[in-house]
Each structure stands twice: as C-alpha cells, then as structure tokens.
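One structure below.
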Amino acid sequence: MVEKADFPLFLHSSGQWAKKVKGKTRYFGTVKSEALAKWEKENEFIQAGVDPPRYQQSVTLAELGNVYADFLRRQVASGELGERTASEYRRSIARLVEIVGSDCCVGQLKPIDFGTIKERLAEPIAVAEGSARYGGRTVKRRAMTTVAIDVRNLRVFFNWCFNQEHIEAVPRYGSEFSPVSRKVLQRKRAKDGKKDLDAKTILATIQKSKPAMRAIILLGINAGVGNQDIADMRLSDLPKLAGEVWVDLPRGKTGAPRRFLLWPETVQAIKTYLVCRPKPAGADNRTRLFLTRNGLAWVRQDGELRTDSIGSQFAKARKAAGATRGAFYDLRRTFRTRAAMTRDREAVDHVMGHLPDASDMGAVYNQWIDDDRIRRVCDHVRAWLFADAEGGDV
C-alpha cells in the first residue's frame with residue numbers, strides 16, 4: 001500500500017489507485033492524475049454512502065485486461081496455469097476489445113450488448129498472408145464451439161474482476177451470452193459424424209510419415225496422448241527402451257496421473273527416431289524427446305501465435321495416404337472408443353489422464369490401478385489396430 005499524507009489514494013496491488021471508505025475499497029484507475037480527478041469528483045457521493053453518477057465498474061476494459069494479463073503471467077510462472085490456456089484467455093479479451101473498444105466501461109454494457117458481442121465473435125478472422133495461424137487463410141466463420149470458449153473465458157474474466165473488487169458487480173449478460181447448450185452440441189456432433197479413425201487409415205498414415213512423426217502417431221494411438229503432451233515429453237520421461245516399457249506421464253492440462261505400456265512397435269519407432277534426432281535449438285529444447293527438423297518443439301507458443309506442427313504434419317501424411325478426413329487429436333478419440341470395449345473405465349481413464357468426477361467417491365478412495373488392467377487396455381487397442389494389417393512392418 002503506497003499512500004502519502006498529501007495524496008488521498010493508495011496504490012493497490014492490482015496497479016490501480018484506490019481508497020477505502022466505510023470498509024469498502026473503491027478503485028479509480030491506473031493513471032494517478034486521472035484517478036485523483038475521479039476521486040475529487042465522486043468523494044461527496046461516496047462519503048454519503050451513495051453511488052456516484054457513473055457506474056463504479058467504469059474502469060476501462062483495457063485497464064482490466066492489463067491487470068488480468070498480469071495475473072495470468074503470475075499463474076503461469078507458478079505452474080498453476082499452462083501458457084496455452086493463458087493465451088486463450090488473452091485472445092478472448094483481445095477479441096472483445098476489437099468489438100467494443102479499449103475505452104469501453106464494463107458497467108455500461110447491457111444484455112443487448114452481450115448479444116451483439118456473441119454474434120460478432122463468430123465473424124471471420126482475417127489472417128496475414130503467409131502466417132502460420134490457420135495456414136495463412138481466412139476462416140469463413142468461427143465454429144460455435146470456438147465462440148463458446150470465448151464466452152466462457154470472458155465470463156471467467158468478469159467474475160475474476162468482481163472477486164478482486166475491480167468492478168462493483170458482474171455484468172448482466174442476458175439470455176444470449178452463454179456457452180453452447182448440450183442440445184446444440186449434440187446436434188453438431190450428429191451433423192459432424194464420427195471422428196474416430198479406422199485402422200487402415202492410421203496404418204497408411206504411419207507409412208507415409210517420417211521417423212519422428214511415425215513415433216508420434218504411434219504414441220497417439222498407443223495411449224491417446226495428445227499433441228501438447230507429446231510435444232512436452234522429455235527424454236527423462238522414457239525409461240530404458242528394453243523389455244516392457246512403462247511410461248508415467250502426468251497429463252499437462254490437468255496434472256492427472258497417467259501410466260501406460262508402450263507397444264513394441266512404438267518402442268521401435270522411438271528408437272529409430274532417436275538415431276536421427278535433430279540438434280536442439282535453444283536450451284529449453286535440449287531435453288525434449290521430440291524435435292522438429294529445425295530442433296524446435298513440435299507445438300510451440302510465440303506470443304499469441306500457436307504453432308502445432310504435429311497437427312499440420314499429420315494432415316499432410318494423412319492426405320498422402322489417400323484419407324479424406326481426420327486430425328491428429330482424432331487418434332485420442334479412437335483410442336478411447338476402442339479401449340472402452342474392455343469395459344474397464346477406470347483403467348482407460350488412467351491411461352488417458354482423465355480426472356474422475358468430483359462426486360465420484362469411489363475414485364477418491366481408489367489409490368492406484370493395477371498394471372495388468374492397464375496392459376489389457378493398451379493391448380486391446382494394439383490388437384485392433386494390427387488385426388487388419390495386410391503384412392509388412394510399420
């Protein structure tokens with residue numbers, strides 16, 4: 001708290017100048033001269049216990065966004081939040097600023113405004129030619145599920161601002177500014193169709209891939225490991241590649257424990273890749289298991305730009321294999337679908353790093369999953385994948 005005898009306000013940890021009156025902290029912005037002017041203008045109302053003519057949450061969106069960005073930075077630094085998630089929050093706020101302007105006062109936003117904001121969030125996103133984002137193209141219309149992520153992120157942002165006493169009240173959103181309902185999602189999934197991949201497509205895509213991508217694809221179907229977690233794997237995550245190879249790899253998104261058995265084919269693919277593993281570019285990449293040909297992480301974040309080389313290289317290999325659809329993350333969906341046939345949901349969840357529902361007391365008391373159950377899950381998916389192989393090595 002910084003306050004001088006000749007200056008009525010103190011500098012709050014949020015970066016705003018503030019004043020505590022009648023047990024309640026009032027905020028007046030981050031610019032000292034402007035904060036003092038606001039205080040002098042509203043002091044009479046505040047001392048009388050009456051809200052000033054302006055909304056107390058009229059701190060600008062830009063000011064709130066800056067304070068929240070600093071909070072996200074601290075969360076990432078402490079390990080409480082992943083950089084990818086933090087970037088999603090920052091992008092959602094940046095989209096809101098593009099729509100309503102940086103000088104917008106949150107307290108002036110009405111339900112009708114939030115309806116318009118949601119509609120605008122679905123508009124196309126222009127991308128500079130040659131940009132790695134969206135392959136340098138313009139997205140015709142953002143998907144409803146993507147817009148729902150923005151809506152969720154913005155609601156979390158406003159709730160945080162209220163809980164931190166940066167605004168007087170959470171905005172009234174109205175009925176339109178809400179995430180996608182379960183009914184709408186079910187309709188979309190029905191329209192999109194199944195997203196799991198058949199064994200023939202997976203094997204053909206592996207055949208069309210280079211050593212690193214072969215090992216990456218096999219990890220994806222071997223245990224449902226996602227793009228980011230594979231990119232974050234370290235050399236130390238792998239035990240000695242001999243005999244039965246068990247991997248303990250907590251899921252990065254949730255921190256949930258995860259253990260799985262590598263198939264012989266996956267082990268051999270990793271060994272083949274390690275022989276020609278590229279020279280790391282930069283200190284952070286020295287211990288990464290998988291590196292691109294330039295020695296970089298396969299999934300990386302550069303400011304607000306996220307590059308997913310696993311997704312793009314999988315699409316390239318899949319097209320070369322003659323398959324018309326399928327994304328790398330569909331391997332995780334495929335693993336789940338096939339592994340579920342073992343009827344051992346706890347073991348499947350453990351392999352995939354899924355957290356149990358908070359109300360599942362059985363999962364709370366259960367301390368571990370037997371390796372035989374995990375082996376049965378991994379072996380079941382392996383048997384399915386290679387059952388239709390027409391011969392030849394992967």
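Any chance segment 179-192 includes a residue that's open to solvent by less than 30 Å² (accessible area, probe 1.4 Å), assigned to a helix (DSSP H, G or I) and either touching a strand residue (DSSP E or B) at 6+ places or on another chain (Cβ under 7 Å) or at pLDDT below 95 (or both)?
There is no residue in segment 179-192 that is open to solvent by less than 30 Å² (accessible area, probe 1.4 Å), assigned to a helix (DSSP H, G or I) and either touching a strand residue (DSSP E or B) at 6+ places or on another chain (Cβ under 7 Å) or at pLDDT below 95 (or both).
Output the qualifying pairs, or none if there are none: Cβ atoms under 7 angstrom, residues six or more apart or on different chains, first residue in segment 217-234 and under 18 Å from Pro257 (Cβ atoms), second residue assigned to a helix (DSSP H, G or I) and of a type in the set (Phe, Trp, Tyr).
Between residues of segment 217-234 that are under 18 Å from Pro257 (Cβ atoms) and residues that are assigned to a helix (DSSP H, G or I) and of a type in the set (Phe, Trp, Tyr), the close pairs are Ala223/Phe335; Gly224/Phe335.
Just name the residue that is surrounded by the most Cβ atoms within 10 Å (Cβ to Cβ) out of those in segment 101-111 that are modelled with pLDDT under 90, assigned to a helix (DSSP H, G or I) and more than 27 Å from the chain's Cα centre (by Cα).
Top of the filtered list is Gly107.
Note down all Cβ pairs under 8 Å where the first residue falls in segment 173-201 and is under 29 Å from Ala315 (Cα atoms), the second is open to solvent by 70 Å² or more (accessible area, probe 1.4 Å) and at pLDDT below 80, and they're at least six residues apart or on different chains.
Within 8 Å, the pairs are Val180/Met144; Val184/Met144; Lys188/Met144; Ala199/Asp388; Lys200/Asp388.
Find the residue count for segment 304-318, including only residues that are out of contact with any Phe, Trp or Tyr (no Cβ under 6 Å at 6 or more places or on another chain), in contact (Cβ under 8 Å) with a residue 12 or more places away in the chain and not in a strand (DSSP E or B). Quick ask: steps written out before the conclusion?
Initially, segment 304-318 is screened for residues out of contact with any Phe, Trp or Tyr (no Cβ under 6 Å at 6 or more places or on another chain), giving 304-308, 312-313, 315-318.
Next cut, in contact (Cβ under 8 Å) with a residue 12 or more places away in the chain only: 304-308, 312-313, 315, 317-318.
From the residues that got through so far, the ones that are not in a strand (DSSP E or B) too are 304, 312-313, 315, 317-318.
Total meeting the criteria: 6.
Residue under question is Ile117, and the condition is that it be open to solvent by less than 20 Å² (accessible area, probe 1.4 Å) and at pLDDT 90 or above; does it hold?
Yes, satisfied.
When only residues in segment 230-277 that are open to solvent by 20 Å² or more (accessible area, probe 1.4 Å) and among the β-branched types (Val, Ile, Thr) count, which is farthest from Phe290 (Cα to Cα)?
Step by step, filter segment 230-277, then rank; the result is Thr254.
Give segment 279-294 a look and list any residue that's exposed (fewer than 15 other Cβ atoms within 10 Å of the Cβ) and more than 22 Å from the chain's Cα centre (by Cα), or say none.
Lys279, Ala281, Gly282, Ala283, Arg286, Thr287, Arg293, Asn294
Based on this model, can you work out whether Lys22 counts as modelled with pLDDT under 85 and open to solvent by 80 Å² or more (accessible area, probe 1.4 Å)?
So Lys22 fits the description; yes.
Can you pull out every residue in segment 344-391 that is open to solvent by less than 70 Å² (accessible area, probe 1.4 Å), more than 21 Å from Thr254 (Cβ to Cβ) and at pLDDT below 55?
If the condition is that a residue be open to solvent by less than 70 Å² (accessible area, probe 1.4 Å), more than 21 Å from Thr254 (Cβ to Cβ) and at pLDDT below 55, then Ala389, Gly391 are the ones that fit.
Name the pairs: first residue in segment 253-274 and under 16 Å from Phe386 (Cα atoms) and of a type outside the set (Ser, Thr, Tyr), second residue part of a loop (DSSP other than H, G, I, E, B) and open to solvent by less than 60 Å² (accessible area, probe 1.4 Å), Cβ to Cβ under 8 Å, at least 6 apart or on different chains?
Qualifying pairs under 8 Å: Leu262/Val245; Glu265/Val394; Val267/Leu241; Val267/Val245; Ala269/Val394.
The values are calculated or read from the model by the stated rules, or taken from the named source; none is laboratory data. Because the structure is predicted, anything quoted here is derived from the model rather than measured. Here Cβ is always computed from backbone atoms with ideal geometry, including for glycine, and neighbour counts include all displayed protein chains. Heads up: the accessible areas ignore ligands, DNA and RNA and are worked out on the full protein's heavy atoms, side chains in. Shrake-Rupley method; radii C 1.70, N 1.55, O 1.52, S 1.80 Å.
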